[in-house]
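Reviewing the structure listed below.
The values are calculated or read from the model by the stated rules, or taken from the named source; none is laboratory data. Note that the structure is predicted; figures quoted are calculated from it, not measured. Here the Cβ positions follow ideal geometry from the backbone for every residue, glycine too, while neighbour counts run over all protein chains shown.
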Amino acid sequence: MRTTWIWGLIFQQLRYYWRQTLLAISGVAIGVTVLLVILSVTHGLEQFYREQMLQLTPHVTLEAGINQLVTADLQQEIESVEGVLASAPFLRFPALITRSLASESVVIKGVDWGLENNLHRIEELLEAGSWDVIHAQPGVLIGGELARLLGVELGELIQITSSQSALHLPVNGIFFTGFYTNDAKLVMMPIGLAQRLWNVEGYTGYGVNVVDLIRVTQYISPLQRKTNLWVRPWYQQQPALFIGLQVQRQVVIVLVLFVFVVAAFGIANVFLLRLLSQAKTIGVLRALGATPQNIWQLFIGQALLCGVIGSMIGLGTAYSIQLYLAQYPIRVPEVYYFQRLPVRWASSDIWWVIIVALLTCVIAIFYPALRFSQVQPTEVMKNE
């Protein structure tokens, strides 16, 4: 028997049982919508933190290792690697910053102002102070949150104490990145002052910016071969933050997948009731020459079509919600360090969400379709 009739019968069945069809499509559409909207929020959060962190964090960091310093000038070798945009040496160590009775533990980063500005455009991050003054006069550059914690203003003297010595330096500038760790814990100064404060010669390592930020791992091996230094990509600079975001994302996905489980049970019930009412039709088709495989294809095709339509509706609805949230974002408490909920369309997750939706439909209909594909014409005629 030719199978070209199957698709025509699939459309007729979906149209005739339109209420059950609408329920099945709605279950898939709701699941796809919820999952894509939540994934868009998690993508937005990741992008927000990445952009804020990278304002003062290099794409790749090269370091000699724990308690070791780089004493050779490796900048030429680093910038000879294909894809490297710029590099700058730095000296980093912990210290205590004090102003009157207030004190905070911080990270000192000694830099070459010109080279560091090529990496991060520091002058564009200034909330207070002149870049010309910062570049020309000894002093420090601190984050806005640290300035608030210490109650310090531009031009005031602060004491910086390391395990080797202490210095009194003026605050020549205050920056703001929107990334709390940098704004509250980072103090920048000329690399010569940092070497004097720590009583060392040399650098902790080099910060490097590359062309392809997303595929940053491809630069690790070439940089290691050129410099013989320990190379770390940007996302390893704040491992706790990005691990936390990934765990949150996975937990949310698992929870939302239960929406598809519920939808699967609903679709299975809908199609089971439909199949029970179609026993006579199945018997007639079998008597006309339809094989069990044809019957199975008939109902699997209905489930897949419901899944495709539901996925497209869910995809369109989720995209519309994402556009609305981007235009009219939800305000959140300032404790999260951003005023509005960041949302970014989860384009990279669309394919697997749709696959999950289609599998949900197929799994839901699989047993009922298999059960009724075994119906024999004589059994139906006897029951009738």
Residues that are surrounded by fewer than 19 Cβ atoms within 10 Å (Cβ to Cβ) and under 16 Å from residue 257 (Cβ atoms), drawn from segment 42-53: none
Residue check, residue 145 free of Cβ contacts under 8 Å to residues at least 60 places away in the same chain and either in the same structural domain as residue 221 (by TED's automatic domain parsing) or on the phi > 0 side of the Ramachandran plot (or both): yes
So residue 172, is it assigned to a helix (DSSP H, G or I) and either surrounded by 15 or more Cβ atoms within 10 Å (Cβ to Cβ) or free of Cβ contacts under 8 Å to residues at least 60 places away in the same chain (or both): no
Boolean, residue 155 is in the same structural domain as residue 87 (by TED's automatic domain parsing), modelled with pLDDT under 90 and not in a helix (DSSP H, G or I): yes
Qualifying residues in segment 145-169 (those that are under 25 Å from residue 237 (Cβ atoms) and of a type in the set (D, E, K, R)) - the one surrounded by the most Cβ atoms within 10 Å (Cβ to Cβ): 145
Flag for residue 250 being surrounded by fewer than 21 Cβ atoms within 10 Å (Cβ to Cβ), in contact (Cβ under 8 Å) with a residue 24 or more places away in the chain and not small (Gly, Ala, Ser): no
Index of the failed condition, residue 225 passing every other in (1) in contact (Cβ under 8 Å) with a residue 40 or more places away in the chain; (2) more than 30 Å from residue 137 (Cβ to Cβ): (1)
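One line per residue, one yes/no per condition, for (1) in the same structural domain as residue 182 (by TED's automatic domain parsing); (2) touching a Leu at 6+ places or on another chain (Cβ under 7 Å):
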| site | (1), (2) |
| --- | --- |
| 24 | no, no |
| 40 | no, no |
| 46 | no, yes |
| 79 | yes, no |
Where residue 217 falls short, out of the listed (1) part of a helix (DSSP H, G or I); (2) touching a residue at least 12 places away in the same chain (Cβ under 8 Å); (3) surrounded by 13 or more Cβ atoms within 10 Å (Cβ to Cβ); (4) among the polar types (S, T, N, Q): (3)
Positions within segment 98-135 being exposed (fewer than 13 other Cβ atoms within 10 Å of the Cβ) and modelled with pLDDT of 85 or more, in sequence order: 105, 114, 121, 124, 132
Every pair of residues 6+ apart whose Cβ atoms lie under 9 Å, when the first sits in segment 293-314 and is free of Cβ contacts under 8 Å to residues at least 12 places away in the same chain while the second is of a type outside the set (Lys, Arg) and assigned to a helix (DSSP H, G or I): 312/29; 312/32; 312/354
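To keep it simple, each residue is scored yes or no on (1) over 19 Å from residue 41 (Cα atoms); (2) surrounded by 17 or more Cβ atoms within 10 Å (Cβ to Cβ); (3) at pLDDT 75 or above.
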residue: 201; (1), (2), (3): yes, no, yes
residue: 212; (1), (2), (3): yes, no, yes
residue: 223; (1), (2), (3): yes, yes, yes
residue: 228; (1), (2), (3): yes, no, yes
residue: 234; (1), (2), (3): yes, yes, yes
residue: 243; (1), (2), (3): no, no, no
residue: 246; (1), (2), (3): no, no, no
residue: 269; (1), (2), (3): yes, no, no
